[in-house]
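The values are calculated or read from the model by the stated rules, or taken from the named source; none is laboratory data. Quick caveat, the model's predicted, so the values are computed rather than measured. Cβ placement follows ideal geometry from the backbone for every residue including glycine, while neighbour counts extend to all protein chains displayed. The protein model used for the area step is the full one, side chains on, heavy atoms only, and it has no ligands, DNA or RNA in it. Shrake-Rupley method; radii C 1.70, N 1.55, O 1.52, S 1.80 Å.
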Amino acid sequence: MSVHPTTAEIQTLTVGMGEICVARKPDLLSCVGLGSCIGLVLYDPIRGWAGMAHIMLPSSSSRGSQGKEKPGKFADTAVFGLIAELESRGALRSFLRAKMAGGARMFSFSPTSSGAIGEQNVTATREALRIAGIRLEGEETGGTKGRSIVFSPETFLMEIRCVGQESRLI
Amino acid sequence: MNPLQMDALKEIANIGAGHAATALSQLMGKRVDMCVPQVDLIPLEAVAGYFGEPETEVWAIFTRCESSFPVSLVFIMNKSDGDLLAEKLFQAARIPDKVRFLPGMKESALSESGNMIMGAFVSAVGDLLRKNLPLSVPSISLDLMGAVMDILLEIFGGFGDTALATETELSFPGESRRNFSARILLIPDPGSLEILFRQLGVE
């Protein structure tokens, strides 16, 4: 980590499956290879902190307590985990904004009648944001391709990259 | 799983993989080496990087077997190895250049070979278990390993914290200073192993 402002190194924090990471400028937040998983960012435009969760599954309630789970593993707990991290850094919940990407259907196969896990993750994340009262500012979800994302807490932009495609910004 | 069940599963995978290796070697016209299959119990948080770096671009061909032993099969190769396999297939089938570069040709060739290879796998297992194990039409993806491995979340996410797969590596020995290698994953649905072991009397 840099201590001298004029020679600041930019660190990119890669958020592993089920994890939550928090950063502010000049650092960046990243998820690699989001298939059915969701990369969810909550950011505080006022104080400049942003948190990213690598969400794996829709709901923590479906299987009861399985012991200590990673905070970003489920859509519902990830949203509240992100809020807690940002509030502890001075954010006011009503000013928080969200962006999300992922939730693809990598293969055309659905083991449950409720649909593929990617779609369930998208629905669960949107619902958790709605319940928390957080506005979703940008979203790129669904499709059949994996995504890697990089979010800048400075510009509030999320860069999305798919194999074989130009990167996009939301 | 007790040691007896583990052995039974490895044996099933071994027989399947042996036939898969033969099918691949017939497609390629050269010898294929096979590693002894492993049974992997993978914590769900670790699936993205378990079989390789999550950032690696891979060809992945996925197929389902809906049957009394429901399983999924995935055939995975690094992008360059998949490109090589497609190239060999085009050569073997004497596909002219102008056709082989049409969009989707590589996907079709790899999809078809994946289908043949996994078909051989599952047909051998079906013979062993005296079950009919049909395969679905395969689904192919060229993507990052981390994204492809999310399929294990799809299969196991609602049932526990761990995914189970048997894994076999196939390779060409000594292919111009670089080995081709591919993996076949046999992924039983949660619960299907218990049923199978009961049927086999391996409790």
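Classify the stretch B:123-186 as rounded, prolate or oblate from the Cα gyration tensor: take a ≥ b ≥ c as the square roots of its eigenvalues, call it rounded if a/c is under 1.5, otherwise prolate when a/b beats b/c and oblate if not. Please list the in-between numbers first.
On the way: a/c = 1.99, a/b = 1.20, b/c = 1.66.
Verdict is oblate for the stretch B:123-186.
How large is the dipole of chain B about the Cα centre if only Lys and Arg carry +1 and Asp and Glu carry -1, each at its Cβ, rounded to the nearest 20 debye? Please list the in-between numbers first.
Working: 16 positive and 26 negative charges, 191 e Å.
Once rounded to the nearest 20, the dipole reads 920 debye.
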Centroid-to-centroid separation of the stretch B:61-89 and the stretch B:135-203 [C-alpha atoms, Å]: 10
Once exposed loop GluC sites (Glu not before Pro) are cut out (DSSP; at most 12 other Cβ, 10 Å), longest piece of chain A: A:10-165
B:Thr22 accessible area, 1.4 Å probe, all protein chains in place, Å² to nearest 10: 70
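If you take the Cα Rg of chain A and divide it by 2.2 N^0.38 Å, with N the number of residues, what do you get?
Working: Rg = 15.6 Å, N = 170, 2.2 N^0.38 = 15.5 Å.
Output field value: 1.01.
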Gained length - B:Phe101 relative to B:Thr162, 0.36 nm times residue gap less alpha-carbon distance: 17.9 nm
Degrees between helix B:79-92 axis and first principal axis of chain B (Cα, 0 to 90, nearest 10): 60
Extension gain from B:Ala93 to B:Glu11, taking 0.36 nm per residue of separation minus the Cα-Cα distance: 26.1 nm
Cα-based equivalent ellipsoid of the protein assembly as shown: semi-axis lengths in Å, sorted from largest, via gyration tensor: 39, 25, 17
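In terms of the Cα gyration tensor, with a ≥ b ≥ c the square roots of its eigenvalues, is the stretch B:86-157 rounded because a/c is under 1.5, prolate because a/b exceeds b/c, or oblate? Before the final figure, lay out each step's value.
Details: a/c = 3.31, a/b = 1.37, b/c = 2.41.
Oblate, because a/c is 1.5 or more while a/b does not exceed b/c.
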Relative intensity, log₁₀ I(q)/I(0), of the stretch B:65-203 from a Debye sum that treats every alpha carbon as a point, q = 0.10, 0.18 Å⁻¹: -0.41, -1.13
Those trypsin sites (Lys or Arg not before Pro) in the stretch B:82-111 that DSSP places in a loop and that have at most 14 other beta carbons within 10 Å: B:Arg94
Between 0 and 90°, nearest 10: helix A:75-87 axis offset from chain A longest Cα axis: 10
Cross-link pairs beyond the 28 Å C-alpha cut-off, checked among B:Lys30/B:Lys79; A:Lys70/A:Lys99; A:Lys68/B:Lys10: A:Lys68/B:Lys10
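Just the number please: accessible area per residue for the stretch B:38-161, 1.4 Å probe, all protein chains included, in Å². Kindly include the intermediate steps, with their values, before the conclusion.
Details: 5010 Å² over 124 residues.
For the stretch B:38-161, the per-residue accessible area is 40 Å².
How many partner chain Cβ atoms sit within 10 Å of a residue's Cβ in peptide B:151-161, on average, as a whole number? Don't skip to the end; give the middle numbers.
Values: counts 6, 0, 9, 14, 3, 2, 13, 10, 2, 2, 5.
Average neighbour count from other chains, rounded to a whole number: 6.
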Virtual spin-label span in nm between A:Ile131 and A:Phe80, 7 Å along Cα→Cβ: 0.7
Zero-based 10 Å bins, Cα pair distances in the stretch B:1-112, whole percents: 11, 34, 36, 15, 3, 0
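Per residue, how much accessible surface does the stretch A:122-170 expose to a 1.4 Å probe? Answer in Å², no decimals. List each step's numbers first, then the result.
On the way: 2550 Å² over 49 residues.
Accessible surface, normalised per residue, equals 52 Å².
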Residues along the stretch B:118-145 losing 40 Å² or more of accessible surface when the other protein chains are present rather than the chain by itself (probe 1.4 Å): B:Ser139, B:Asp143, B:Leu144
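Given just the C-alpha atoms of the stretch A:75-159, how large is their convex hull per residue in cubic angstrom? Display every interim value, and only then the final one.
On the way: hull volume 8.1 nm³, N = 85.
In the stretch A:75-159, the Cα convex hull volume per residue is 95 Å³.
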Cβ neighbours within 10 Å from other chains - mean over B:51-59: 2
Other-chain or far-sequence residues with amide H under 5 Å of A:Ala104's (modelled H): A:Ser36, A:Cys37, A:Gly142
Chain lengthening between B:Ser181 and B:Ser68 when straightened (0.36 nm per residue, less Cα-Cα): 37.6 nm
Rounded tilt (10° steps) of A:117-132 against the dominant C-alpha axis of chain A: 50
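For the stretch B:50-125, what class follows from the C-alpha gyration tensor (a ≥ b ≥ c being the square roots of its eigenvalues): rounded when a/c is under 1.5, otherwise prolate if a/b is larger than b/c, else oblate?
Values: a/c = 2.55, a/b = 1.45, b/c = 1.76.
Verdict is oblate for the stretch B:50-125.
If you filter the stretch B:106-199 for chymotrypsin sites (Phe, Trp or Tyr not before Pro), then keep DSSP loop positions with at most 15 other Cβ within 10 Å, what is left? Walk me through the numbers on the way to the answer.
Values: sites: B:Phe121, B:Phe156, B:Phe159, B:Phe180, B:Phe197; in loops: B:Phe159, B:Phe180.
Here the sparse-neighbourhood loop sites are B:Phe159.
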Helix-only [θ]222 nm of chain A, DSSP H runs n ≥ 4, -39500 (n - 2.57) each, per residue, nearest 500: -5500 deg cm²/dmol
